[in-house]
Amino acid sequence: MSRYRITQDDLRHAAEFRADPLGMPSPGLQRVLNLLRGGPKSGKYVLVVAEPFRRWILGRLPAERGQPVELLDGMEFTDLAEAEWAVFKLRWKAHTGKDLEQEL
């Protein structure tokens, strides 16, 4: 388990990610991303490429490696930045228990 935690001060890093989800992250944002991307894989939100460079579908990783990713109905994106933001918000809520949209 990481000794780092997401705090109220990290909302500025969430705002940074929202402004440019595909850009080079600051060290503070990279720390937050490492936290959100680490930990148990089961149930973690991911993007599945449906059509390269055109369409992505939100999914959740299975409990066991090798099992299929669960694709979430109605969660398809044609804009990668919006797709990345959707995953970031869901992982933030899973990690902190707080809805990021209400925090920003």
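The values are calculated or read from the model by the stated rules, or taken from the named source; none is laboratory data. Here the structure is a predicted model, which means the values were calculated and not measured. Using ideal geometry, Cβ is built from the backbone for each residue, glycine included, and neighbour counts are taken over all protein chains shown. Note: accessible area is taken over every heavy atom of the protein model, side chains too, but ligands, DNA and RNA are not part of it. Shrake-Rupley method; radii C 1.70, N 1.55, O 1.52, S 1.80 Å.
Here are a few things to note about the model shown:
- Flag for PRO62 being surrounded by 13 or more Cβ atoms within 10 Å (Cβ to Cβ), in contact with a Pro (Cβ under 8 Å, 6 or more places away or on another chain) and without any contact (Cβ under 8 Å) to a residue 40 or more places away in the chain: yes
- Qualifying residue in region 6-15 (condition: over 14 Å from TRP92 (Cα atoms) and assigned to a loop (DSSP other than H, G, I, E, B)): no
- All positions within region 1-15 that are surrounded by 12 or more Cβ atoms within 10 Å (Cβ to Cβ) and within 17 Å of GLU103 (Cα to Cα): ILE6, ASP10, LEU11, ARG12, HIS13, ALA14, ALA15
- Selection status of ARG18, surrounded by fewer than 13 Cβ atoms within 10 Å (Cβ to Cβ) and either in a loop (DSSP other than H, G, I, E, B) or not acidic (Asp, Glu) (or both): no
- The single condition among (1) outside any helix (DSSP H, G or I); (2) of a type outside the set (Phe, Trp, Tyr); (3) open to solvent by less than 30 Å² (accessible area, probe 1.4 Å); (4) within 16 Å of LEU11 (Cα to Cα) that LEU35 does not meet is (1).
- Of the criteria (1) modelled with pLDDT of 95 or more; (2) under 19 Å from ASP9 (Cβ atoms); (3) open to solvent by 90 Å² or more (accessible area, probe 1.4 Å); (4) not small (Gly, Ala, Ser), which one GLN102 fails: (1)
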